[in-house]
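Let me begin by presenting the structure, written as structure tokens, before commenting on it.
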Amino acid sequence: MNAVAETGETESVWLREQWWPAIPSSRVRRKALATGVLDQDLVIFRGSGGQVAALSNRCAHRGVELSLGRVADGTLACRYHGWRYDTTGSCVEIPSLNGESIPSTAKVCSFNCVEQDGYVWVSLAKEPYQPNPPRIERFARTGGVQGSAILRCDWKMALENNLDWCHPVFTHPWTHPQFYMRLLHGSQDSPYELRTTESGFVMFWPPVGENDPTPEDPDVLVVFELPNRVTVSVRHLLGDKGPRIPATIFHFVPTGDGVCRVEFMFPVGGTRYWYTPRGGPILAQDRVVLESAQRTGARSQVSVKADASTLLFRRVLNLAAEGEWPEGRAAIAARKVVPARI
């Protein structure tokens, strides 16, 4: 096996060990729902007592998608012949049998599944990397909006886009604060700062002194947390102390070769989260450029200093996949001010 193939296999195993948000909890009610994580098609439903379950979305009998079926008495019945499965994936009823025992092979794969912080989380490994999904601290404090969108590009490309400091003025006309800053003040130097953390890194603007702590409320704050979470918080354009636009929490979920799903939430108050299938204009603008880059293959890339944030993401992800994070953090500069112009 060559080095490239070996690296890819190591990353694949590591990805299967992670917890991924499979679907917002608010969507999982009385019906079974189809979703996907990595290369696995899933069906999510609620069993007895409302407990969530994640099974392979394929009936063991003739391969029909179980998400077409009906949930009753804590089990999921296939729409084709009525084979009924419990939350462990075991077939507990085959209506066509006449007093015969259910074959031991009549079962489908079940996966580790946890409901937490507004999502149903799934890990495809028998033993997840961590016993529980990473907490979303903001979720416990307020209500807001959740949504999902499919992008026909690699999940890492989509995540990098949210760490890319210089693209908004070009990709997001009339929708992004950076566009308006350039419109009002013209092109200007806009260096940003990177600092590594136990779970990834933060980037913020404007930079602070070398010995100063990471600011709690900078004008722009972007937090990357392994393996796939980005939190973006931007101050509004109403002066230095203007109200902050609600932080948006993104999770980028690979669902196949060159396809991913973006799960997003933003707290805006209230007592609960509600779901919208719409991604908004900024995501629609991102889709155009990301899917274009996916189509061309992006085989050869030229990077400049301003790309430091996306290059740091690649390095941190590779170290984590190799089992060298956070130990490998020591080989990376703890703080870096990145020259950029927007």
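The values are calculated or read from the model by the stated rules, or taken from the named source; none is laboratory data. All values reported here derive from a predicted model rather than from experimental measurement. Cβ placement follows ideal geometry from the backbone for every residue including glycine, while neighbour counts extend to all protein chains displayed. Accessible surface is based on the protein model in full, side chains and every heavy atom, while ligands, DNA and RNA are left aside. Shrake-Rupley method; radii C 1.70, N 1.55, O 1.52, S 1.80 Å.
What lysines does residue 305 reach when the alpha-carbon gap must be under 27 Å and sequence neighbours fewer than 8 apart in one chain are set aside?
156, 336
List the lysines whose alpha-carbon lies under 23 Å from that of residue 31, not counting same-chain residues fewer than 8 positions away?
107
Apply the Karplus parameterisation 6.51 cos²θ - 1.76 cosθ + 1.60, with θ equal to phi minus 60°, to every residue of the range 143-148 and state each ³J(HN,Hα) to the nearest whole Hz, in sequence, with x for glycine and proline.
Karplus values, whole Hz, x for Gly and Pro: x, x, 10, 10, x, 9.
Two-decimal Rg/Rh of the chain from alpha-carbon positions, Kirkwood Rh?
Looking at the chain, the ratio lands at 1.02.
For the range 7-62, restrict the atom set to alpha-carbon positions and state the Rg and Dmax in Å.
Over the range 7-62's Cα set, Rg and Dmax evaluate to 13.4, 42 Å.
Find the accessible area per residue for the range 172-233; the probe is 1.4 Å, ligands and nucleic acids are left out, and the unit is Å².
Result: 46 Å² of accessible area for each residue.
Enumerate the whole-percent occupancy of each 10 Å bin, from 0 to the last occupied one, for all C-alpha pair distances of the range 1-130.
Pairs per bin, as whole percents: 13, 41, 29, 13, 4, 0.
At 15 Å minimum axial length over the Cα atoms and a Kyte-Doolittle cut of 0.0, report the qualifying DSSP H helices in the chain, or say none.
Qualifying helices: 308-321.
If you roll a 1.4 Å probe over the chain with all protein chains in place, what percent of the accessible area is carbon or sulfur?
51
Take peptides 197-204, 220-227 and line them up by average Cβ neighbours within 10 Å, highest first, as a rough protection proxy.
220-227, 197-204
What is the antiparallel percent of DSSP beta bridges lying wholly in the chain, to the nearest 5?
95
Check residue 93: other-chain or 5+ apart residues with amide H under 5 Å from its amide H, H built from backbone geometry?
84
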